[in-house]
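Any read-out appearing in this document is the output of simple, stated calculations on the displayed coordinates, not a laboratory observation. Fair warning: this is a prediction, and the values are worked out from it, not measured in the lab. Reconstructed Cβ throughout: ideal geometry from the backbone, glycine too, with neighbour counts over all protein chains shown.
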Amino acid sequence: MANCVEVLSDDDAPSTSGGFKSADGEDCPICAECYTSEGDHVPHSTRCGHVFCAACIKKWLRQSKTCPICKKRCTKKDLRRMYVQNLHCVDTSLVATLRQEVERHKRIAAERKEQHLKAAAERDECIRENKRLKLELASLTNSVARGTILCAPQQAAASNAICAMPPPPGSRMPSCSRPLLSEGQQRVNGGSPYLREYCTESRGALCFDMSGEQATLLLPSQPGPWLADAWMIRQISMIAPQSEGQIHLPGRGPVRDVRLSPSAQRLCVAIDKRIRVVSMTSGHEIVQKELAFPVLSCAWEAENMVYAGLAVGRVSAFDLRMPSGPLQELSSPRRQGLTSLACMHTGEVRALVAANSQSTYLWDLPLQDAAAASEPHVVCTVAGTIESVAVDQGTATLAVSVRPCGPQGTAIHKLYNYHARAQWTVGQLLPWHSPSILAPVSAS
């Protein structure tokens, strides 16, 4: 512990020149530091009687051989160490402790300020969310009051929910309602035998997808005729269609297919010669894969596994976690564009279904090795045009929608049930306007 020394004298003489303090004062006239009993600031007296600290006067005499105050000749040999009787010692460790305490209080104040700013930001966010929810609640309340939203008693039975929404500007409603429900479903629907359709127009739409859990329709559209190459995805709620979201897509070219991931967090878009994966929460593009041929269709197998159907009759499989090219490529028997894809993964069945305009093919995929697949099996070949294929994961049922060639023909849906590898049983052939209700195909 260093001690600060204060030299006291009976008569404090005034300074003789240069405005210096008295040499017998509390501080060194050169460095203005207090004297100490040890170290560099030990008081030393010159031949002329002036007092300085040891370090300062020795450094001074190396440059000048005179006293700093009276300018009399002085050398290092003339210096004498002073041993004073009255000493005032200051504990410098207390100063260090006080400085640490000041720094601690500064840190605490900074942390409290940061917490205050964070709390203020969270409060503002809560206020905005509260206002948004109030507006949404008011809109839904008005819709219920007008009777424009009808739903089944059980919200979980979303497939049996009947929604009737007023058309937004630019949309159209059908001129009639058709009795499409059986007596049992009429009881579930509160006695109403009618399904009321909600139709909307979308410029340039060639495909769509739906999220059953969120009751959201995903529909590609062009903003307007002045932006012929720009595309966006409209998010239309089937419960509250007044609140419509939009996801603007980068790049140019027609959107051939859109598919929602199993978690409903990502959207795969087939556009031109690329597949683009877009986040449903932020609307930003996550990853894109470029291919050598136009992409006509796409499908998800898992959250990171995407298939792309090409215009040359091939299917490319991509793992979104890998920046490289496709993991594998599957070729159909004909070099015809694959306009629809569907993945089946239930139990011990893992298969990929692809369709062009006349035929539907199936590849058996191994459960462990994703890089190998069997030769394609022909599920069906039709005389008309295959519009789309869809798979029910729970019953391993495949639905093929066919539009006949003739102008008077009626659209047909063919149902197939998957029994074993490459073994299918054809189900009911249902016309589009049939009043019957689709039932799962039996295994027999």
What's the local net charge at V400, with K and R +1, D and E -1, over the other residues with C-beta under 13 Å away?
0
Region 204-287 - Rg (one decimal) and Dmax (whole number), Cα, Å
12.0, 35
Counting Lys and Arg as +1 and Asp and Glu as -1 over every other residue whose Cβ sits under 15 Å from the Cβ of S359, the net charge comes to +3
Hey, can you grab everything whose amide H is under 5 Å from the amide H of T66? Only 5+ residues off in sequence or another chain; H modelled, so Pro and N-termini drop out.
C74
For region 201-431, what D do you get in µm² per second when you plug the Kirkwood radius from alpha-carbon pairs into Stokes-Einstein at 37 °C and 0.692 mPa s?
180
Among all the lysines, which ones have a C-alpha under 27 Å from K289's C-alpha, if same-chain residues fewer than 8 places away are not counted?
K273
By the mean-Cβ-within-10 Å protection proxy, highest first, 411-417, 303-309 rank as 303-309, 411-417
Could you name the lysines in cross-link range of K131, using Cα to Cα under 21 Å and dropping any fewer than eight places away on the same chain?
K118
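Tell me the Kirkwood radius of region 240-325: reciprocal of the mean inverse pair distance over distinct alpha-carbon atoms, in Å. Write out the running numbers ahead of the final one.
Working: mean 1/r = 0.0757 Å⁻¹.
One over the average 1/r among Cα pairs gives 13.2 Å for region 240-325.
State the extension gain, in nm to one decimal, for the chain segment bounded by R321 and A302, taking 0.36 nm per residue of separation less the distance between their alpha-carbons. Could you put the intermediate results ahead of the total?
Numbers: separation 19, 0.36 × 19 = 6.84 nm, distance 1.18 nm.
Computed gain between R321 and A302 is 5.7 nm.
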Quick check: residue separation of E375 and A264 times 0.36 nm, minus the Cα distance between them. What number comes out in nm?
36.8 nm
